[in-house]
1. With springs connecting C-alpha atoms under 10 Å apart, model the chain as a Gaussian network and identify which of Ala25, Ala144, Ala17 has the largest mean-square fluctuation.
2. Compare the peptides 29-38, 79-88, 130-139 by average per-residue count of other Cβ atoms within 10 angstrom and give them in order, highest first.
3. Place a +1 charge on the Cβ of each Lys and Arg in the chain and a -1 charge on the Cβ of each Asp and Glu, then give the dipole magnitude about the Cα centre in debye, rounded to the nearest 20.
4. Mind checking Rg over Rh on the chain, alpha carbons, Kirkwood formula for Rh?
5. What does the helix-only formula give at 222 nm for the chain: each DSSP H stretch with n ≥ 4 adding -39500 (n - 2.57), the total divided by the residues, and the result rounded to the nearest 500 deg cm²/dmol?
6. Return the long-range amide H neighbours of Cys116 (sequence gap of 5 or more, or a different chain), with a cut-off of under 5 Å between placed amide H atoms.
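Nothing in this text is a laboratory measurement; each read-out follows from the coordinates by a stated rule. The structure displayed is predicted, hence computed values, not measured ones. Cβ atoms come from the backbone with ideal geometry, glycine included; neighbour counts cover every protein chain shown.
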Amino acid sequence: MSRTGAPPPAPRLERPAVRMAAVVAGFHEELASRLLAGARERLDAAGLPGDALDVHWVPGCFEVPLAAKTLAGTGRYAAVIGLGVVIRGETAHFDHVAGAASTGLLQAGLETGVPCTFGVLTCETMAQAEARAGGPVGNAGADAADAAVIMANLVGAAAR
């Protein structure tokens, strides 16, 4: 998404009959719901029918990679979108959870061959997270949905 104005047009799905999944961490549920709404809006603009997105809620961002890998492994989805929010606190918990989420989603995609995109906010403050969950900085859920469409097109084309 452009950080200096309106977002660019959504990429278009080359095969709109595909299905996608979103794995959403329930911790910071209000912000996660905004990320999901952003992802839905972009997938709709990309040509994915509303009923072709399966949404699965998990407790937190640490659980997102296993859920993504499990869903990707079914062969049912062209891409899996990981969504959630991690906000730095006073302990090293942030570093462990944020690192596990990013590395785990990467690994899930590499192991299954299904794109698993990263729409997990890793912010210093609640204000930063709010700005990136549909606020003035954009919506990381929309960005992750765009990445899912682009990668599904690429991987799908390579498989043909």
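1. Comparing Ala25, Ala144, Ala17 in a Gaussian network model of the chain, the most mobile one is Ala17.
2. 79-88, 29-38, 130-139
3. 500
4. 0.96
5. -15000 deg cm²/dmol, from helical runs alone.
6. Amide H neighbours of Cys116: Val80, Gly109.
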